[in-house]
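Structure, as structure tokens:
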Amino acid sequence: MIGRLGIYSLLAGFFFGIFSGISNFMEDKNFWVDLTISKIIGEDNSEAIIALINVAVVQNSLDFLIYEVPFFLFLLGIGLIFLLISLFIKSH
């Protein structure tokens, strides 16, 4: 199951990346170009997630992940993590 999630996340990240690249190449400023997690979940929810943890290092990392990392890179990273986990977990 985790392997399938990893494959689906990688495929979604790949297609989001292609659409973002095409839009960026054509200089068309639609929502694909600068799509981040903060734009998907909203500004208030993003701030609530970051403020939930009091450790400054974790807050800075979450701030970078939520506001700076493009969504397709996030999906590719999650897909890669799921695939690596599925390699080591034995399904019954």
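The values are calculated or read from the model by the stated rules, or taken from the named source; none is laboratory data. The shown structure was predicted, so the numbers you read here are calculated from the model rather than taken from an experiment. Cβ atoms come from the backbone with ideal geometry, glycine included; neighbour counts cover every protein chain shown.
Scanning the range 32-57 for residues that are loosely packed, with under 12 Cβ neighbours inside 10 Å and not charged (D, E, K, R) gives Gly42, Ala48, Ala51, Leu52, Asn54, Val55, Ala56, Val57.
Within the range 41-92, being more than 29 Å from Phe31 (Cβ to Cβ) and in a helix (DSSP H, G or I) holds for Ala56, Val57, Leu84, Ile85, Ser86, Leu87, Phe88. In the range 13-25, the residues that are in a helix (DSSP H, G or I) reach residues that are modelled with pLDDT under 85 and surrounded by 14 or more Cβ atoms within 10 Å (Cβ to Cβ) with C-beta atoms within less than 6 angstrom, at least six apart or across chains, in these pairs: Phe19/Trp32; Ser20/Trp32; Ser20/Val33; Ser23/Trp32; Ser23/Val33; Asn24/Val33.
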